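Before any comments, here is the structure.
The values are calculated or read from the model by the stated rules, or taken from the named source; none is laboratory data. Keep in mind that this is a model prediction, so the values were computed, not measured. Here the Cβ is made from the backbone with ideal geometry for all residues, glycine too, and neighbour counts use every protein chain on show. The protein model used for the area step is the full one, side chains on, heavy atoms only, and it has no ligands, DNA or RNA in it. Shrake-Rupley method; radii C 1.70, N 1.55, O 1.52, S 1.80 Å.
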Amino acid sequence: MEDHDSVVARSLEQYSVLLPRLNAASDAIGDAIRARLRDDGLNHHTVQARVKDPGSVKEKLDRLTADGRFKYERGLEQLDDLIGVRIIMFLEPDIADVATALKGQFDCREDDDKTSSQRRNGQIGYAGRHLILEVPAGNVPVGCHTFIGERFEVQIRTVLQHAWAAFEHDIRYKGLAEANAEVDRAFTMASTLIELADAQFSAINDIVKRRQAESTAEFAANPATELTGDILHDMLARLLPEHPRSQARQYGWLGDVLAANGVRTVADAEELFGAADWSGVAKRMDYKFPAGHVRIADDFLLKTWGTDYIARTKSLGGDPKREAKLTYRLERMQD
């Protein structure tokens, strides 16, 4: 039987050969995920894709189990996180929607909701959701056709959860301080405060959505006002209180889309969106979670104007696949 040092040496040699492909796969997978989150209107902070450096690979291969055996005796074939993607969200409830979106885009091999399991068990500490995904052979994400079968890990956290995890990793795993009861207690307190802060961020978001839904927007008194991204944000928040906000810059893009179709004023947009059958659009598209404002608006406009809408907006936004995506979505609606 091959000894462990030989397994590690052989694995690192294989890894050096694989690195160019892994780097290309990481770029393609990261781009596909960003496109999916943008298309679904999921409001996120960042998407980071990276390939594990050789030093980290060696460190992982040298890990022991509780009974003193090497955890990864078969080398690279047991490592599913050579490619890693980290998605940072603003709001904790949105994490579940991102997980649902990615599990619809890639084959899911593992799903570990660490936040939920900790709360069920009354524990405090690292929070987040980890997925092991694989590029599927069917309905391959754009740009990933040469990487079918490639596995990767996705970590989904809030901004605050990420800050806690990054600092805790530096302290505990990089030898900056010896573990002791005082440090453990401080980390537990910090984790509790972060959980409370995340809950308050979600509460703030709910308050803002409720106020927007209840109030009469200032721009309603001036219907001839030219549309802006901010006005569209307020308008859709009022009309679609159950749907999450999209990224801020997407509302400006929606303004450009509307202008390309002759909708340039508040009055025009109010008339158009005020008569929309939003539930009908959602039913036709069979969303797995409530679509972001801009995504469902884009689908409504596609349903309203059909192929003319595709022709007028296919070049807006810098997405070279927009025409193909709109064509596919229109076919779904017509089916």
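Summary of computed values
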| read-out | value |
| --- | --- |
| Quotient of Cα Rg and 2.2 N^0.38 Å for the chain, N being how many residues it contains | 1.17 |
| Loop-resident sites, the stretch 236-279, for trypsin sites (Lys or Arg not before Pro), counting at most 16 other Cβ within 10 Å (DSSP) | ARG264 |
| Longest exposed-site-free window of the chain, the sites being GluC sites (Glu not before Pro) in a DSSP loop that have at most 15 other C-beta atoms within 10 Å | 74-177 |
| Degrees between helix 322-334 axis and first principal axis of the chain (Cα, 0 to 90, nearest 10) | 70 |
| Top of MET285, MET89, MET235 by mean-square fluctuation, Gaussian network on the chain, Cα under 10 Å | MET285 |
| Share of carbon and sulfur in the accessible heavy-atom surface of the stretch 5-104 [1.4 Å probe, %] | 50 |
| Of the trypsin sites (Lys or Arg not before Pro) in the stretch 276-333, those whose Cβ has at most 12 other Cβ within 10 Å and which sit in DSSP loop | LYS288 |
| Among beta bridges that DSSP assigns inside the chain, antiparallel share in %, nearest 5 | 80 |
| Stokes-Einstein D (µm²/s) once Rh is taken as the Kirkwood radius of the stretch 197-335 over alpha-carbon pairs, at 25 °C in 0.890 mPa s | 156 |
| Translational diffusion coefficient (Stokes-Einstein; Kirkwood radius from C-alpha pairs) of the stretch 39-115 at 25 °C, 0.890 mPa s, in µm²/s | 164 |
| Accessible solvent surface per residue of the chain, calculated while the other protein chains remain in place, 1.4 angstrom probe, Å² | 53 |
| Distance from the stretch 284-304 to the stretch 1-75 (C-alpha centre basis), Å | 35 |
| Average Cα contact separation per residue, the chain, under 8 Å, 6 or more apart, as relative contact order % | 15 |
| Using alpha-carbon coordinates, inclination of helix 181-214 to the longest axis of the chain, degrees | 10 |
| Long-range Cα-Cα pairs in the stretch 12-140 (distance over 24 Å), rounded percent | 39 |
| Accessible-area value, SER6, 1.4 Å probe, nucleic acids and ligands omitted, Å² | 50 |
